[in-house]
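Here's the structure we're looking at; comments come further down.
The values are calculated or read from the model by the stated rules, or taken from the named source; none is laboratory data. None of these values were measured; they are calculated from a predicted model. Positions of Cβ are backbone-derived with ideal geometry, glycine not excepted, and every protein chain shown enters the neighbour counts.
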Amino acid sequence: MASRVLIVHTGGTLGMGMPGHRRLDLQAKEHLDRLVKQVPELLEIADCELISPFNLDSSDINPGHWTQLAELLVEKGGVGQAGEGYDGIVVIHGTDTMAFTASALALMLRNLDRPVVLTGSQRSLDAWRSDARANLASAVEVATMGLKEVVLVFGDVILRGCRAVKTDANSYRAFQAPGLSPLGTIGTQIDVDWERVRQPSGPFQLQTAMDQRVMTVPLFPGLDAARVYDSVLASESHHRPRAVVLQAFGVGNIPRLGFLPLVQALGEATIPVIVGRQCLRGHTDLELYPGGRSLLDAGVIEARNMTYEAIIAKTMWGLPQPEKSLQDWFSENIAGEVNLH
Ligand code: ASP
């Protein structure tokens, strides 16, 4: 019996009309026919059905859409309900923020029971020499293969969704998972490294609340700590962010003059500070230098080797779950987003 795959089309370049990147009506009944006409192999790979909850450039997608999407995957896709719904789900998504959505879905759909595969393309299906056809066909095929993870399929790789980063604005190899080799490769055949694919470690859990009141401070030499202080702490407390992500240097270093007092003031205002790194690879190690150690004394949270996308998603996801502190959520590996040691 053919596998059943639900395609959830959320927008992005893949489904746009050429010339001129026009938005097509993805709700239209004919949209699936249009996809099948352009990617006829879909019919051979699986029985596909298509829904489109929204049609957006992914720059316009926000945490509310992540919640909507996760709930849709449960209601329409059968995710988390053994024997219900589809064998796998493909989410067609714009490439610009696909890694954020993948990170959020991986956390929201904890202990996932079937493949959720995000894909998109750099050129639309209508465009000549497009990457869209191959990406879509590969994504649907991967969705039939039983991986119980949120993955991103793009070009010739299958990446863990919560480790993926868009690293190239133009290339057909636009995504990488820095520090984690692909879970699979796509060539004449699709090879999955099954040893490294995650298995659910408990019952499925849907947790879709997100608190988007998060602010990031990318450090640079010369950044004035007083300005950062003003923009975070000078406003009334109900306007303040609920967490601050510091994108620090190297293994998590900050200019101690100015920034250490700022971090201490944030601590006093009970605003958690998450320290990430600007380097794509490697991990934070705040024990290594005196500056980092003073940050630890001030109670900051180390992001280790999490991507920026995963840090943002995990912070928004952890804040509305008061049964654990953000510090505790960050010391757990929920969906393969971090290496803790
Ligand atoms: N701006 C588009 C988007 O992210 C780019 C793409 O799909 O590749 O929606």
Self-check item: Residue, surrounded by the most Cβ atoms within 10 Å (Cβ to Cβ), within the range 323-341, restricted to residues that are touching a residue at least 40 places away in the same chain (Cβ under 8 Å) and not in a loop (DSSP other than H, G, I, E, B)
Solution: PHE330
Quiz item: What single numbered condition from (1) modelled with pLDDT under 95; (2) surrounded by 15 or more Cβ atoms within 10 Å (Cβ to Cβ) fails to hold for HIS239?
Solution: (2)
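Quick test for you: out of ASN111, ASN62, pick the one residue that is under 22 Å from CYS162 (Cα atoms), surrounded by fewer than 23 Cβ atoms within 10 Å (Cβ to Cβ) and within 16 Å of the ligand (Cβ to nearest atom). It would help to see each step written out before you state the result.
On the way: ASN111 fails: within 16 Å of the ligand (Cβ to nearest atom).
One residue alone meets the criteria, ASN62.
Can you spot a residue in the range 309-322 that is exposed (fewer than 15 other Cβ atoms within 10 Å of the Cβ) and free of Cβ contacts under 8 Å to residues at least 60 places away in the same chain? Quick ask: steps written out before the conclusion?
Residues of the range 309-322 that are exposed (fewer than 15 other Cβ atoms within 10 Å of the Cβ), as a first pass: 320-322.
Applying the additional criterion that residues be free of Cβ contacts under 8 Å to residues at least 60 places away in the same chain yields 322.
The answer is yes; a qualifying residue exists.
Yes/no matrix, rows are residues, columns are (1) modelled with pLDDT of 95 or more; (2) touching a Leu at 6+ places or on another chain (Cβ under 8 Å); (3) among the hydrophobic types (A, V, I, L, M, F, W, C); (4) not in a loop (DSSP other than H, G, I, E, B):
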residue	(1), (2), (3), (4)
SER235	no, no, no, no
VAL245	yes, no, yes, yes
PHE259	no, yes, yes, yes
ILE274	yes, yes, yes, yes
ALA313	yes, yes, yes, yes
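Condition first: within 13 Å of the ligand (Cβ to nearest atom) and within 20 Å of the chain's Cα centre (by Cα). Can you find one or more residues in the range 33-54 that meet it? Before the answer, list the steps.
Applying the first criterion (within 13 Å of the ligand (Cβ to nearest atom)) to the range 33-54 yields 54.
Next, only the ones that are within 20 Å of the chain's Cα centre (by Cα) stay: 54.
Checked the range 33-54: at least one residue is within 13 Å of the ligand (Cβ to nearest atom) and within 20 Å of the chain's Cα centre (by Cα).
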Practice problem: Take the residues in the range 1-32 that are among the small types (Gly, Ala, Ser) and either over 19 Å from ARG129 (Cα atoms) or in a loop (DSSP other than H, G, I, E, B) (or both), then tell me which one is farthest from the ligand (Cβ to nearest atom). | Solution: ALA2
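Could you go through the range 144-151 and let me know if any residue there is part of a strand (DSSP E or B), over 16 Å from TYR308 (Cβ atoms) and in contact with a strand residue (DSSP E or B) (Cβ under 6 Å, 6 or more places away or on another chain).
yes
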Quiz item: For the range 40-51, does any single residue satisfy the condition of being at pLDDT 90 or above, of a type in the set (A, V, I, L, M, F, W, C), in a loop (DSSP other than H, G, I, E, B) and within 22 Å of LEU72 (Cα to Cα)?
Solution: yes
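Do you know which residues across the range 80-96 are part of a strand (DSSP E or B) and within 13 Å of MET16 (Cβ to Cβ)?
Restricting attention to the range 80-96, the residues satisfying the condition of being part of a strand (DSSP E or B) are 88-92.
Matches in the range 80-96: ILE92 only.
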Exercise. Quick one: GLU287 ticks every box in (1) at pLDDT below 95; (2) assigned to a helix (DSSP H, G or I) except a single one, so which number is it?
Key: (2)
Practice problem: Quick one: GLY155 ticks every box in (1) in contact (Cβ under 8 Å) with a residue 40 or more places away in the chain; (2) touching a Phe, Trp or Tyr at 6+ places or on another chain (Cβ under 6 Å) except a single one, so which number is it? | Solution: (1)
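Among the residues of the range 126-137, write down those that are modelled with pLDDT under 95 and within 15 Å of the ligand (Cβ to nearest atom).
ASP126, ALA127
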Quiz prompt | Selection from the range 1-31 of residues that are out of contact with any Ser or Thr (no Cβ under 8 Å at 6 or more places or on another chain) and either farther than 18 Å from PRO115 by Cα or surrounded by fewer than 19 Cβ atoms within 10 Å (Cβ to Cβ) (or both) | solution = MET1, ALA2, ARG4, PRO19, GLY20, ARG22, ARG23, LEU24, ASP25, ALA28, LYS29, GLU30
Practice problem: Within the range 67-100, count every residue that is within 27 Å of ALA174 (Cβ to Cβ), of a type in the set (A, V, I, L, M) and more than 16 Å from the ligand (Cβ to nearest atom). | Solution: 5
Practice problem: Scan the range 57-67 and give yes if some residue there is in contact with a Lys or Arg (Cβ under 7 Å, 6 or more places away or on another chain), in contact (Cβ under 8 Å) with a residue 40 or more places away in the chain and in a loop (DSSP other than H, G, I, E, B), otherwise no. | Solution: no
Practice problem: Can you tell me which residue among GLY292, GLY258, GLY252 is more than 27 Å from the chain's Cα centre (by Cα) and closer than 30 Å to SER181 by Cα? | Solution: GLY292
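Select, from PRO203, PRO221, PRO182, the only residue that is within 17 Å of the chain's Cα centre (by Cα) and part of a loop (DSSP other than H, G, I, E, B). Lay out the reasoning, then the answer.
Values: PRO203 fails: within 17 Å of the chain's Cα centre (by Cα); PRO221 fails: within 17 Å of the chain's Cα centre (by Cα).
Criteria check complete, one pass: PRO182.
Of the residues ASP87, ASP96, only one is closer than 24 Å to LEU32 by Cα, under 12 Å from the mean Cα position of the chain (by Cα) and surrounded by fewer than 24 Cβ atoms within 10 Å (Cβ to Cβ); which?
Working: ASP87 fails: under 12 Å from the mean Cα position of the chain (by Cα).
Unique residue meeting the criteria: ASP96.
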